[in-house]
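Structure first, commentary second.
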Amino acid sequence: MASVGSMLGTKALQIFDETTCVVRAVRRWTQFYAHESCGKCTPCREGTYWLSQIYERLETGRGTEEDIAKLLDISDIIFGKSFCALGDGAASPIISSIKHFRTEYEAHLEGSCPFDPYASMLAAPEGVGA
Ligand code: SF4
């Protein structure tokens, strides 16, 4: 995995199709890491908090081009400079998603999320659709 620039992390595998918003998926992971950060080291403690704030802006149509650069800057500060693997785990999906799906990030700058969140669910929540 390391030879292709990836990691197994918690060894949980998630597979998405093209209906899934990459920004939304990475935002959920980032919220998880921000919640789970124990706060021992500054890059992880502060970085995961601010990453979460930026993703909230992007998803609600208040993001800017600078926010994408800030995500990369903060991730670079966290990656390899945190005490445990949680820091690398938090930064890695952000770096790789911007590298491979930058157009999806940029699409969020033209308004709110262009994806229908219900299209990527196996079943719509009760009261939605039908
Ligand atoms: S990298 Fe690990 S030790 Fe450091 S604050 Fe995050 S969870 Fe705690």
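The values are calculated or read from the model by the stated rules, or taken from the named source; none is laboratory data. Just so we're clear, the structure is a prediction, and the values are computed from it rather than from any experiment. Here the Cβ positions follow ideal geometry from the backbone for every residue, glycine too, while neighbour counts run over all protein chains shown.
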Pick from region 74-84 the residues that are free of Cβ contacts under 8 Å to residues at least 24 places away in the same chain and either surrounded by 14 or more Cβ atoms within 10 Å (Cβ to Cβ) or under 14 Å from the mean Cα position of the chain (by Cα) (or both): which of them is farthest from Pro114 (Cα to Cα)? Phe79
If you scan region 7-34, which residues turn out to be under 18 Å from Lys99 (Cα atoms), out of contact with any His (no Cβ under 7 Å at 6 or more places or on another chain) and surrounded by 10 or more Cβ atoms within 10 Å (Cβ to Cβ)? Met7, Phe16, Thr20, Cys21, Val22, Arg24, Ala25, Val26, Arg27, Trp29, Thr30
Among the candidates Glu104, Glu110, Glu56, Glu126, single out the residue that is surrounded by 12 or more Cβ atoms within 10 Å (Cβ to Cβ), of a type in the set (D, E, K, R) and within 21 Å of Thr19 (Cβ to Cβ). Glu104
Tally, over region 43-66, of residues that are part of a helix (DSSP H, G or I), touching a residue at least 40 places away in the same chain (Cβ under 8 Å) and not aliphatic (A, V, I, L, M): 6
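Please count how many residues of region 62-85 are among the aliphatic types (A, V, I, L, M), within 20 Å of Gly39 (Cβ to Cβ) and modelled with pLDDT of 95 or more.
The total comes to 3.
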List, please: which pairs have Cβ atoms under 8 Å, are six or more places apart or on different chains, and start with a residue in region 14-35 that is part of a loop (DSSP other than H, G, I, E, B) and end with one that is of a type in the set (A, V, I, L, M)? Gln14/Ala25; Phe16/Val22; Phe16/Ala25; Thr19/Ala119
If I ask for residues that are in contact with a His (Cβ under 9 Å, 6 or more places away or on another chain) and either within 8 Å of the ligand (Cβ to nearest atom) or among the aromatic types (Phe, Trp, Tyr) (or both), which ones from region 35-87 would you list? Thr48
